[in-house]
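Take a look at the structure set out below.
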Amino acid sequence: MKLSVTTDYTRDTGDPSPYLRRIADAGFSHIHWCHRWCTDFMYSKSEIDQIKRWLREYGLQVLDLHATAGRKKNWGRNASTSASLV
């Protein structure tokens with residue numbers, strides 16, 4: 001069984017590496033990536049590459065991720081809600 005823990009268990013902004021280290025130290029092998037989920041943040045290629053390096057360094061794998069729930073890029077909203085915010 002793959003058991004994961006969310007990466008925003010303390011906070012979802014700032015440097016995620018200390019939290020990834022703690023997750024690995026607690027014995028988890030998988031994460032649910034939620035860093036910056038409540039913003040409209042979009043990762044650049046270099047940021048994605050850094051996240052991959054951290055995951056390799058700490059022996060972690062992504063089991064799931066949370067897409068943005070920010071105001072502009074909330075892909076989970078229904079059309080009527082989106083239209084009212086434009």
Which order, highest average first, do 46-58, 17-29 follow once you tally other Cβ atoms within 10 Å for each residue and take the mean per peptide?
-> 17-29, 46-58
Zone residues, the stretch 10-28, relative to GLU47, backbone N less than 17 Å from point 7 Å out along Cα-to-Cβ = 11-20
Non-local amide H neighbours of VAL62 (under 5 Å, H modeled in plane, Pro and chain starts lacking H): which ones?
-> ILE31
Could you pull out every residue, at least 5 positions away or on a different chain, whose amide H is within less than 5 Å of the one on ASP8? Hs are placed 1.01 Å off N in the peptide plane, and Pro or chain starts have none.
-> CYS34
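A short reminder: the numbers here are calculations on the coordinates, not readings from a lab. Note that the structure is a prediction, hence the values are computed from the model and not measured. In this analysis, Cβ positions are derived from the backbone assuming ideal geometry, glycine residues included, and neighbour counts consider all displayed protein chains.
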